[in-house]
1. Sticking with the crude label model, points 7 Å out along Cα→Cβ, report the distance from A:R268 to A:N150 in nm, one decimal please.
2. So, in Å, what gap is there between the alpha-carbon centers of segment A:163-235 and segment B:91-133?
3. Quick one: compute a quarter of the convex hull surface over the Cα atoms of segment A:82-147 and quote it in nm².
4. How big, on average over all directions, is the shadow cast by the Cα convex hull of segment B:58-138, in nm²?
5. What length, rounded to one decimal in nm, is gained on full extension from B:M1 through to B:L131, with 0.36 nm per residue of separation minus their alpha-carbon distance?
6. Quick check: pseudo-label points 7 Å beyond the Cα along Cα→Cβ at B:M211 and B:A192, how many nm apart are they?
7. Take every Cα-Cα pair in segment A:181-251 and report what % of them are more than 13 Å apart.
8. Once Rh is set to the Kirkwood radius over Cα pairs, what Stokes-Einstein translational diffusion coefficient, in µm²/s, holds for chain B at a temperature of 25 °C and a viscosity of 0.890 mPa s?
Amino acid sequence: MKLTELFDKGEFVITGEVGPVKGCLRSTAGSKLPQCAQEAELVRNVVHAVNVTDNQSAVMRLGSLAASVKLKERGFEPIYQMTCRDRNRIALQSDLLSACSLGIDNVLCLTGDYTSLGDHKTAKSVFDIDSVQLLKIAKGLNEGHDMMGNALTQSTNLALGAVVNPNFEPLDLQLLKMEKKIEAGAQFFQTQAVYDSAVFEKMVKKTEKFGVPIQYGVVIIKSPQMGKFMNENVSGITVPAWIIEEMGKVAKQDRKKKAIEITAKLIREIKPMVQGIHFMPLGWADIVPEIMKAVSSAA
Amino acid sequence: MIGTTPKPFEEITDALKGYDKIAVIGCDGCAKVCMTGGSDQVAEMAEKLKKNGKSVLFAMSPERTCYVGKTKTSLDPQLDKLKEADALLVLGCGGAVQITRQVLENYGLTIPVKVGLDSVGHMDTLIMGELAIEQCQECGECILNETGGICPVTKCAKSLLNGPCGGAENGKCEVDSKRDCAWILIYNRMAALGELDKLRRFMEPKDYSKMAKPRRLNIKERKVE
């Protein structure tokens, strides 16, 4: 089911991110379930849909569309992530037509991490169009025409998602772009990871009037090292000292328990402000159901 | 100007392998400003080549080697020596190399023309003799009127036209933490001008056909053909 239909019904929409594998998915006799499918299985009972990343962090992997289709075949609702980094406007439009033809109902339109952050640093970055333009183009395909105004034999029917970073300073500039995304066609938003409910509240106060559903983005902090690493290396995310300290206090084998506690606390604080949660578990998908259990048991 | 950096000397000697009599041509335009191909660098290169066992027939820097007329005027008096040359080494941008080749062809000379520099783009000099930065892509449809005189096509790593990506931190770009986020610069500039509302306008995808190579400029008609 399209995410927009879930939001329209008033559902609190939970999604989880999975990263396609670095390799192909041709099944052979005795082949194991690929990791992205394993991760999706771990959250099957708690999420409405799974985001499938598009060569995340500019690291070359299985295509988001192929992985989305494979997950759909396994009964998941995929959100096909599409970035502007690797394809020009012809390829992006063509892939949106392909996605819809292959049964994909949701697409998340992103700019994409820069090529130099990934594992093919010498590649030519494309960025022919930006995420606002991609949303407008995708909306046009839904309405039956390509970006040049040429009629399609059949329109796409895709729910269009976008991202916003509440940590961005100046926030008003980020929200100016968010408004442009809404005008272009964005129907729901997923946020960058936020670890401070005050930061989130500041954004929500300004975005409430936009009337679009927002899912709170959650990246589970797995260790104090990861928190420090993210502060030093991941732009646009700040992990507060208290989380790093708390994770540092517990023994290694108790970290998952602590991560459940911390993440559930953050979600409880932010939940009343949003219309859903988007998990980016980065390998710890197994604790997502327990986090949600902890959230609801305390409610 | 066109920015240039010197190629490693080993790469130059490799390109000149098998050629003995060399003429060195610099450029007293952009390459002089970059201190890579002005009269001084051309003289230095001639000395290095001599030490490397080459015969240097002559070394000179035309006023602007990318102007066919100026290059021809500089080379005309050297025509006899040029006829002896096994190869030319040009310390100029890629344009200077190709104009030099064309001048030689116009003389009826088929001599290899080698390049001693790497061209690195349209550069604006911030500090003479120290620093130049890239600020213009020559995209063929300037949008500086809409962006407070700061070019996102060039100064944003992703050439975003409708605002920043989410990656900037402390005002710096996710690609290079030493570089300012172009969109934050634009935002601050538009705020100072009292024109923030203008940033709300949807910017259409760029017409990259205007950058389709190779462009041809009709100077008389003042248009790209």
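Every number here is computed from the coordinates shown, using simple stated rules; none is lab data. Since we're looking at a predicted model, the values are computed, not measured. All Cβ positions, even for glycine, are placed from backbone atoms using ideal geometry, and neighbour counts span all protein chains on display.
1. Using points 7 Å along Cα→Cβ, the separation is 5.6 nm.
2. If you average the Cα positions of each part, the centres end up 47 Å apart.
3. 4.5
4. That works out to 6.2 nm².
5. Taking 0.36 nm per residue and subtracting the Cα distance, the gain is 45.6 nm.
6. 2.7
7. 70
8. In µm²/s, the coefficient is 123.
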